Amino acid sequence: MSEAAAYSVRDGIAVITMNNPPVNGLGSVLRPGIMDGIKKAGADPAVKALVLIGSAKAFSGGADIREFNTPKMSVLPSLPEINDAQDGCPKPMVAAIGGFALGGGLELALGCHYRVAAPKAQLGLPEVKLGLLPGSGGTQRLPRVVGAAQAVLMMTTGNPVPAEKALGLGLVDEVVAGDLLEGALSFARKLIKEGKGPRRIRDMTVKVEGDSKAFFEKARAEVGKASRGYPAPLEIVACVEAAVAKPFDEGRKEERQRFASLVEGKESKALRHMFFAERQTSKIPDVPEDTPTRPVKSAAVIGAGTMGGGIAMNFANAGIPVSMMDVTQEAVDKGLKKIKDNYASTVSKGRLKQEEMDKRISLIKTTTKLDDAKDADIVIEAVFERMDVKQDMFRKLDSVMKPGAILATNTSTLDVNEIANVTKRPQDVIGTHFFSPANVMRLLEVVRGAKTAKDVLATTMKLGKTIKKVAVVSGVCDGFIGNRMVEKYGQQSLFLLDEGCSPQQVDAAAYKWGMAMGPLAMGDMAGLDIGWEIRKRRYVERPNFVYSKVGDKIAELGRYGQKTGKGWYRYDLPNRTPIPDPEVEDIIKKYRTENNIKTRAISNEEIVERLIYALVNEAAYILEEGIALRASDIDMVYLTGYGFPPYRGGPMFYADTVGLKNVLNSIQRFQSGYQGAVWKPAPLLLKLANEGRKFNE
Ligand code: NAD
């Protein structure tokens, strides 16, 4: 018997215990063990029933991701073969689900004839999140147990259901309050006593509410609408339809075919890339995973504005006490009120309990005295974006904060080294670049200064995980990874307006391609004054950086976007839907005439290429300069901070799928177009394209 699956017999009941930490992934060591156990129990006349159990933490998390893309994936038996053996087992088999049964883990449990679960167990088929469908009978077995509607819901969202709900759905037969194994054994004893044999799901029929044809028509319409750009959800609906209309084995065949084509599809490849990219971000070549970290048991935030409040919420959400400081009582009161309103809105939507809100609020203390921050393990500065203000603050923090405290800045554009160097402890200074709204956005750029100590970096990365962010390391440069790239994207969006596009045409092309919103609508949301301020600074600092001044014309009129009800669009506030505005058209037209710009019709394809390749080319510089550690980190930044469509895998992955040679050809074509001088192919892009290579290798 393999170590990964222990076999024992208790009172005539065979117990197969899966032991493949951390999540009982159904890898090459575990699958043979389970199969052996089923066969042994089937052949032993003394055995009357079987119990399959995992650990308290995990029944099974499904496929073993450590074996993805390795030959171990295809070591026999496969999960479908195990499922067949379960179906063929002449004795009743009970799955005892503790922790979670997800993906292949739930398919294994569905292969069992009965299921019991611990009260906190979660059961789900999340394959859709990787652009796939459950490929080992899940699409055929789940509907037979829970009905078509619930199966479509569970598999197209990928969201798990808790044990009690699973009980109500018939997905589990009993929730076991005490010891799970004992509960499962007594359930099995009862089956034996009552003479109940195997109850194979494959022999059941699917319940459909109402007329089946109408049901699936509606399901396709709803799922199709919600899954813009993703093929897997509709494939799942088709599989459920097969489960209703066809015998089990035919349905299984259809599931296998649909699964195989999704695995080969670009959407799933992109989603799987993102899945692994997320796990890569914490790996820093010269800062090993076992680097000692500093304890972070308390935090302070300086500045109770837009960002300060959101950052403080992150700490409170993670149970870390935080003090929030601003210069006036009025400012801290306003900041705290906004936090409370934010939580209250979550409570009113039923997504947070009132007690939990109260607990979180009680963790946030407000103050107008910097001294109150002195004992915090980390302080994050989120005051005005001006070097003199930041440096002044860091001098003060240097004198106030206890030794060993981490001094972090939330600056979005300023040089972290220049900030660090005004202190006597630049090794303790780091950038933590949150994205707005800071309590919602998953991205956290962790900016490593020239002198940042390794343990400070390791601690900040760990803190990122604690507060549920995707922390990505960035070197110091203007805009770090994300904003440095987005500047080139914004630059192109304005050139497109110069050349003849309307804001709505540019935005619609970007949206249709998959961006959460177009660049101009994004500007309106962020506030056009912010970009304008940056440009004004650039005109002085980097006079060679060419912008269309059409953005300035809009901002000069006080059209700052959503906050003023007018920007690139107009808004009927509080409704935030952008409405095309003829006044804007006039401003743009006037600008074109004044600057003698010849207009032309521009295709959606060109719009998208210019926007996305502007990101890609800048990213290639960023990668070459070592600002980003790897191409997939850049992809992660765009996915979690900029509304890049996950099914395209991030700008670098997307460029790889287009082919870098093709990307380069387009960029070279743009060089002879309007404002072509801004297109300078990055040396890394040139090199990789010429060698036929990729960014993500
Ligand atoms: P904000 O104007 O909303 O808030 C800044 C707050 O800092 C104000 O409440 C102000 O009273 C306070 N403040 C100023 N000087 C202070 C001092 N000496 N001591 C204590 N408090 C002081 O600005 P914001 O949008 O929250 O931005 C804060 C920082 O975060 C900036 O560096 C900005 O670049 C950065 N940032 C902003 C965003 C964004 O989208 N707003 C995103 C990422 C990073």
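The values are calculated or read from the model by the stated rules, or taken from the named source; none is laboratory data. Everything numeric in this text was worked out from a predicted model, so none of it was measured. Please note: Cβ atoms are built from the backbone with ideal geometry, for glycine as well, and neighbour counts cover all protein chains shown.
Looking at the stretch 451-474, is at least one residue in contact with a Phe, Trp or Tyr (Cβ under 8 Å, 6 or more places away or on another chain), within 12 Å of the ligand (Cβ to nearest atom) and closer than 26 Å to I534 by Cα?
Looking for residues that are in contact with a Phe, Trp or Tyr (Cβ under 8 Å, 6 or more places away or on another chain), within 12 Å of the ligand (Cβ to nearest atom) and closer than 26 Å to I534 by Cα, one finds none in the stretch 451-474, hence no.
If I ask for residues that are more than 16 Å from the ligand (Cβ to nearest atom) and more than 25 Å from K680 (Cα to Cα), which ones from the stretch 517-551 would you list?
If the condition is that a residue be more than 16 Å from the ligand (Cβ to nearest atom) and more than 25 Å from K680 (Cα to Cα), then no residue fits.
Those residues that are within 9 Å of the ligand (Cβ to nearest atom), buried (at least 24 other Cβ atoms within 10 Å of the Cβ) and within 24 Å of G527 (Cα to Cα), I need them from the stretch 312-333; list them, please.
Residue satisfying the conditions is D326 alone.
Take the conditions small (G, A, S), at pLDDT 95 or above and either surrounded by fewer than 20 Cβ atoms within 10 Å (Cβ to Cβ) or within 29 Å of the chain's Cα centre (by Cα) (or both) and apply them to G37. Does it pass?
No: the conditions fail for G37.
Against the condition of a type outside the set (D, E), under 30 Å from the mean Cα position of the chain (by Cα) and modelled with pLDDT under 95, how does L407 come out, does it pass?
Against the criterion (of a type outside the set (D, E), under 30 Å from the mean Cα position of the chain (by Cα) and modelled with pLDDT under 95), L407 does not qualify.
Restricting the search to the stretch 413-444, which residues are among the acidic types (D, E) and farther than 20 Å from R386 by Cβ?
Listed by number, the list holds a single entry, D428.
From the set of residues in the stretch 410-430 that are within 10 Å of the ligand (Cβ to nearest atom) and at pLDDT 95 or above, which is surrounded by the most Cβ atoms within 10 Å (Cβ to Cβ)?
Per the criteria, the residue is N410.
Please verify whether R115 is among the basic types (K, R), over 20 Å from E235 (Cα atoms) and surrounded by 21 or more Cβ atoms within 10 Å (Cβ to Cβ), treating the condition exactly as stated.
yes
Which residue is farthest from T459 (Cα to Cα), if the candidates are limited to the stretch 395-409 and must be surrounded by 24 or more Cβ atoms within 10 Å (Cβ to Cβ) and within 11 Å of the ligand (Cβ to nearest atom)?
Among those residues, the one meeting the criterion is L397.
With respect to L191, is the statement that it is of a type in the set (A, V, I, L, M), on the phi < 0 side of the Ramachandran plot and under 28 Å from the mean Cα position of the chain (by Cα) true?
In short, no.
Have a look at A526, A521, A516, A508 and point out the one that is crowded, with 19+ Cβ neighbours inside 10 Å and either over 17 Å from E445 (Cβ atoms) or in contact (Cβ under 8 Å) with a residue 24 or more places away in the chain (or both).
A521
Output the number of the condition that K196 fails; it satisfies all remaining conditions of (1) free of Cβ contacts under 8 Å to residues at least 40 places away in the same chain; (2) part of a loop (DSSP other than H, G, I, E, B); (3) of a type in the set (D, E, K, R).
Of (1) free of Cβ contacts under 8 Å to residues at least 40 places away in the same chain; (2) part of a loop (DSSP other than H, G, I, E, B); (3) of a type in the set (D, E, K, R), only one is false for K196: (1).
Sort out which residues of the stretch 250-259 are surrounded by fewer than 18 Cβ atoms within 10 Å (Cβ to Cβ) and in contact (Cβ under 8 Å) with a residue 12 or more places away in the chain, and write them in order of number.
Scanning the stretch 250-259 gives a single hit, R256.
When you scan the stretch 642-697 for helices (runs of 4 or more DSSP H) that lie fully inside it, which ones turn up with 3 or more residues that are surrounded by fewer than 20 Cβ atoms within 10 Å (Cβ to Cβ)?
In the stretch 642-697, the matching helices (runs of 4 or more DSSP H) lie at 660-670, 683-690.
With the requirement that a residue be more than 10 Å from the ligand (Cβ to nearest atom) and not acidic (D, E), what does the stretch 374-386 give you?
K374, A376, I378, V379
Looking at (1) part of a helix (DSSP H, G or I); (2) buried (at least 16 other Cβ atoms within 10 Å of the Cβ); (3) hydroxyl-bearing (S, T, Y), can you tell me which one T366 breaks?
Unmet for T366, out of (1) part of a helix (DSSP H, G or I); (2) buried (at least 16 other Cβ atoms within 10 Å of the Cβ); (3) hydroxyl-bearing (S, T, Y): (1).
Quick grid of which residues meet (1) modelled with pLDDT of 95 or more; (2) buried (at least 20 other Cβ atoms within 10 Å of the Cβ); (3) of a type in the set (V, I, T); (4) in contact with a helix residue (DSSP H, G or I) (Cβ under 9 Å, 6 or more places away or on another chain):
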{"position": "S8", "(1), (2), (3), (4)": "yes, no, no, no"}
{"position": "A14", "(1), (2), (3), (4)": "yes, yes, no, yes"}
{"position": "G33", "(1), (2), (3), (4)": "yes, yes, no, no"}
{"position": "A43", "(1), (2), (3), (4)": "yes, no, no, no"}
{"position": "D87", "(1), (2), (3), (4)": "yes, no, no, yes"}
{"position": "P92", "(1), (2), (3), (4)": "yes, yes, no, yes"}
{"position": "G98", "(1), (2), (3), (4)": "yes, yes, no, yes"}
{"position": "G104", "(1), (2), (3), (4)": "yes, yes, no, yes"}
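Based on this model, can you work out whether K266 counts as within 30 Å of D64 (Cβ to Cβ), away from the ligand (no atom under 15 Å from the Cβ) and modelled with pLDDT under 95?
yes
Looking at the structure I just gave you, is A188 under 19 Å from I53 (Cβ atoms), in a loop (DSSP other than H, G, I, E, B) and of a type outside the set (D, E)?
So A188 fails the test.
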